[in-house]
Amino acid sequence: MIYLDAAASTPVRREVLEAMWPFLTTEFGNPSSVHAVGESASTALAAARRAVARAFDVRASGVVFTSSGTEADNLAVKGLALANPRGRHLVVSTTEHEAVLRSADYLHRRHGFDVSILPVDTQGSVSVAALQEALRADTTLVSIMHANNEIGTVQPIGMLSDAAHAVGALVHTDAVQTVGQLDTRLGELGVDALSFSGHKLGAPKGVGALVLRGRLELEPLVHGGGQENGRRSGTESVAGAVALATALELAEAERAADGDRAADRDAFIAAVLSASPGARLTGHPVERLPGNASFVFDGLGGEAVLLDLERRGILTSSGSACAAGSTEASHVLLAIGLDEDAARSAVRFTWGRETTGAQLLEVARSVGDITASLRALGA
Ligand code: PLP
């Protein structure tokens, strides 16, 4: 099997499983308990928090563990907007994950916020000029993702942050697809808040974090015992936090040692385009994730290509995992100007460091064979 759906999820790494195991078994305590078993859990939780903080170059107090990337996005958008009422105006982009889009919509419907939704160009990029035009004296928060999960486009987040900060707005970025793949230190990106998720980088599903720079007010969404410094109640998943920190440290060490992963990606893209006449790359050709290649195959159904690939042991996706099974065309593909038919012909290939250039070229040959036979059948 060749698994090319890493943007949807990744397996838990052995080192991660080993690091979290004691906190599921012998060291099972509640980190709020005062006895020795509780203390061992709270020590591990604090160490995990410090490790996550180190990776993003923030203080440990800036790390809020959550149950997912989705929850971290919700906490960022709603929590920052409600606690920092500079005004009731928010800016997001059209290609954000639903976790951000629906949080912004909630603030609009229930709290009277105005929401500006920035368009993207045909390669999926947000322009600084468009942001500058949308910013207002009452803009509280700008939330623009670091890279898109479907088309892989990496946004010019530093320049966008500068523009937002120039009017005093806070900046959040959804970095679920970039943590462990690109430099995501908050100071480098220039953002105030960043969300990420464990299961995209070798930790289990059900853990994520919101990382904050400096002392930022955050309105909690989950009320209760006041864990996570009152910002996210609920007994912490100690094993989850340890897993998240371990996976992050491993990914960051590997990132530092990486060769040019973009070269394999570009060779794969070129091979697919030449093996499959009629294929078009979606997203930015250069400013894109090192492990993402996404295409539309005009005149074909993306699902048909996907199923034929699976018959050959190659697992891919027709769009975002969250949209899988839905019949609606992807909002991201429509936002870059594709029509519904083209959007339904999309196939996304995403992979991690363990996938070799040779495997990718083998996949490109299969894509060529499959699309040629589907075209011959008129599928
Ligand atoms: N944001 C982006 C860009 C994603 O790709 C995803 C998951 O696919 C999420 C948020 C949601 O993360 P989680 O699956 O941890 O809820």
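Under 14 Å from a label point 7 Å along Cα→Cβ of Ser61: give me every residue in region 177-215 with its amide N that close.
Counting backbone N atoms under 14 Å from the label point, the list is 212-215.
Just the number, please: carbon plus sulfur as a percent of the accessible area of region 258-377, 1.4 Å probe, no ligands or DNA/RNA counted.
With neighbouring chains kept in place, the figure for region 258-377 is 54 percent.
Starting from the Cα of Val128, move 7 Å in the Cα-to-Cβ direction to define the label point; list residues of region 153-189 whose amide nitrogen is under 11 Å from there.
Of the residues in region 153-189, 156-164 have backbone N under 11 Å from the label point off Val128.
Specify the angular offset, from 0 to 90 degrees and rounded to the nearest 10, of the alpha carbon long axis of helix 98-111 from the longest principal axis of the alpha carbons in the chain.
50 degrees
How much length would be gained if the chain were fully extended between Thr356 and Met159, taking 0.36 nm per residue of separation minus their Cα-Cα distance, in nm to one decimal?
Length gained, Thr356 through Met159: 67.6 nm.
Just the number please: accessible area per residue for region 77-135, 1.4 Å probe, all protein chains included, in Å².
It amounts to 45 Å² per residue over region 77-135.
If you count only protein heavy atoms with a 1.4 Å probe, what accessible area per residue comes out for region 255-379, rounded to a whole Å²?
Here the residues of region 255-379 average 45 Å² of exposed surface.
Once label points are set 7 Å from the Cα along Cα→Cβ at both Ala253 and Glu18, what is their separation, rounded to one decimal in nm?
Those two pseudo-labels are separated by 1.1 nm.
For region 77-125, what % of the accessible area comes from carbon and sulfur atoms, probe 1.4 Å?
Exposed carbon and sulfur together represent 48 percent of the surface.
Any idea what angle helix 36-56 forms with the longest principal axis of the chain, computed on alpha-carbon atoms, 0 to 90 degrees, nearest 10?
50 degrees
Calculated from DSSP H runs of 4 or more alone, at -39500 (n - 2.57) each and per residue, what is the 222 nm mean residue ellipticity of the chain, nearest 500?
It comes out at -11500 deg cm²/dmol, rounded to the nearest 500.
The values are calculated or read from the model by the stated rules, or taken from the named source; none is laboratory data. All figures in this text were calculated on a predicted structure; none of them were measured in a lab. Heads up, the Cβs are rebuilt from the backbone with ideal geometry, glycines too, and the neighbour counts pull from every protein chain shown. Accessible surface areas use protein heavy atoms only, side chains included; no ligands, DNA or RNA. Shrake-Rupley method; radii C 1.70, N 1.55, O 1.52, S 1.80 Å.
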